[in-house]
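This report concerns only the one structure given below.
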Amino acid sequence: MKKLFAEFFGTFWLVFGGCGSAIFAAGIPDLGIGFAGVALAFGLTVLTMAYAVGHISGGHFNPAVSFGLWAGGRFPAKDLIPYIIAQCVGAIAAAGTLYTIASGKAGFVIDNTKAGAFASNGFGAFSPDGYSLQSAFIAEFVLTLFFLLVILGATDKFANGRFAGIAIGLALTLIHLISIPITNTSVNPARSLSQAIFVGGEPLSQVWLFWVAPILGAVVAGFIYKTLLQNHAEA
């Protein structure tokens with residue numbers, strides 16, 4: 001249970017910090033943090049929680065990461081469903097907290113006809129810069145693949161594990177710098193689901209892509225690392 005609580009709190013912090021920065025701080029005139037600030041916020045959530053609870057649960061905070069670690073031989077299949085449930089519950093709890101805070105401002109309403117509403121992900125008309133389903137799928141697949149390669153490499157027993165959290169946090173920052181204009185950046189099915197539930201409408205109907213593409217990318221990365229990159233001779 002400690003592992004599941006660690007995943008709950010880690011994913012809560014990721015959604016609360018990352019999506020919260022997008023909802024509250026990104027667009028304030030003259031003082032807003034913009035895309036770069038949101039990208040950094042997501043990276044910082046993972047970096048800080050990796051050191052806070054990573055030693056308890058492994059610090060996944062993301063169903064795609066759990067699948068990628070399973071494919072890479074680092075995580076047992078029997079723990080996949082419990083981890084994913086904990087991650088999704090943590091993400092939804094964070095989105096609910098964000099909604100409650102946002103509702104305290106007069107005139108607050110979620111416009112689910114607008115791209116990126118309530119930090120949601122999307123493609124086509126719901127992509128921040130109008131990218132197609134195909135573009136969104138490729139971006140989410142490739143970026144999650146490389147995210148898992150970074151995670152698997154940085155946490156390899158032959159790597160310098162003390163700096164793994166920094167490498168992983170910076171990788172997530174870079175991923176957001178690349179893809180916020182494309183999909184508003186997911187690479188995390190739990191993060192996409194939590195926001196889509198509160199937005200509803202078309203963003204909720206598009207959430208399937210933000211499960212399928214990241215998980216496929218993560219699984220491919222796991223097999224690539226295990227078969228092509230891992231040092232089997234010394235393992």
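Just a few scattered comments:
- Any hit, region 224-234, residues being of a type in the set (Gly, Ala, Ser), out of contact with any strand residue (DSSP E or B) (no Cβ under 6 Å at 6 or more places or on another chain) and in a helix (DSSP H, G or I): no
- Index of the failed condition, residue 22 passing every other in (1) outside any helix (DSSP H, G or I); (2) surrounded by 23 or more Cβ atoms within 10 Å (Cβ to Cβ); (3) of a type outside the set (D, E, K, R): (1)
- Index of the failed condition, residue 98 passing every other in (1) of a type outside the set (Gly, Ala, Ser); (2) open to solvent by less than 30 Å² (accessible area, probe 1.4 Å); (3) touching a Gly at 6+ places or on another chain (Cβ under 6 Å); (4) not in a helix (DSSP H, G or I): (4)
- Residue pairs meeting the criteria (Cβ under 8 Å; at least 6 apart or on separate chains; first within 17 Å of residue 134 (Cβ to Cβ) and open to solvent by 10 Å² or more (accessible area, probe 1.4 Å), in region 173-189; second of a type in the set (Ser, Thr, Tyr) and in a helix (DSSP H, G or I)): 182/135
- Test: residue in region 73-83 that is buried (at least 19 other Cβ atoms within 10 Å of the Cβ), part of a helix (DSSP H, G or I), touching a Gly at 6+ places or on another chain (Cβ under 8 Å) and not aliphatic (A, V, I, L, M): no
- Of all residues in region 1-19, those being without any contact (Cβ under 8 Å) to a residue 60 or more places away in the chain and crowded, with 22+ Cβ neighbours inside 10 Å number 1.
- Top-ranked residue of region 196-222 - restricted to ones that are assigned to a loop (DSSP other than H, G, I, E, B) and over 15 Å from residue 92 (Cα atoms), ranked as nearest to the chain's Cα centre (by Cα): 208
- In the condition set (1) in a helix (DSSP H, G or I); (2) surrounded by fewer than 16 Cβ atoms within 10 Å (Cβ to Cβ); (3) in contact (Cβ under 8 Å) with a residue 12 or more places away in the chain; (4) of a type outside the set (Val, Ile, Thr), residue 162 is compliant with all but (3).
- Pairs, first acidic (Asp, Glu) in region 24-42, second modelled with pLDDT of 95 or more, C-beta under 7 Å, six or more apart: none
The values are calculated or read from the model by the stated rules, or taken from the named source; none is laboratory data. Note that the structure is a prediction, hence the values are computed from the model and not measured. Backbone-built Cβ (ideal geometry, glycine too); neighbour counts: all protein chains shown. Accessible surface is based on the protein model in full, side chains and every heavy atom, while ligands, DNA and RNA are left aside. Shrake-Rupley method; radii C 1.70, N 1.55, O 1.52, S 1.80 Å.
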